[in-house]
Amino acid sequence: MNTKFEDLKTSVQEIIDLIAAKQEKEANNKLLEVSETLDELLDFAEEDEELREISRYQVLLNQLHVKINGEEQVDGE
């Protein structure tokens with residue numbers, strides 16, 4: 001289990017680095033790639049701990065998507 005989440009962590013860091021370097025297109029492409037990987041992990045997750053970890057990454061990827069695409073979140077609406 002740890003290896004797949006270590007790979008995810010590395011990939012998410014790459015996205016963050018691309019955002020910092022103002023390479024939004026590359027960051028978005030990497031984000032889509034990581035999202036697909038996360039979906040695959042979700043399909044085969046068997047333990048609650050795996051599901052919790054996947055959920056954390058889903059929230060993080062959503063926040064990165066918002067950051068890359070400049071979409072504002074509207075709370076309470």
Accessible surface, 1.4 Å probe, highest first, among residues K4, K22:
K22, K4
Mean accessible area per residue over the chain (1.4 angstrom probe, all protein chains present, square angstrom) is 73 Å²
For the R52, I16 Cβ pair and Förster radius 22 Å, calculated FRET efficiency rounded to 0.05 is 0.55
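Percent relative contact order of the chain, based on C-alpha pairs within less than 8 angstrom and at least six residues apart?
Here the relative contact order equals 30 percent.
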Roughly to the nearest percent, how much of the accessible area of the chain is carbon and sulfur, given a 1.4 Å probe?
45 percent
Under a point-charge model restricted to the Cβ atoms of Lys and Arg (+1) and Asp and Glu (-1), what is the dipole moment magnitude of the chain relative to its Cα centre, in debye to the nearest 20?
440 debye
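The values are calculated or read from the model by the stated rules, or taken from the named source; none is laboratory data. Just so it is clear, the structure is predicted and the values come from calculations on it, not from any experiment. Backbone-built Cβ (ideal geometry, glycine too); neighbour counts: all protein chains shown. We work out accessible area using only protein heavy atoms, side chains counted, and drop any ligands, DNA or RNA first. Shrake-Rupley method; radii C 1.70, N 1.55, O 1.52, S 1.80 Å.
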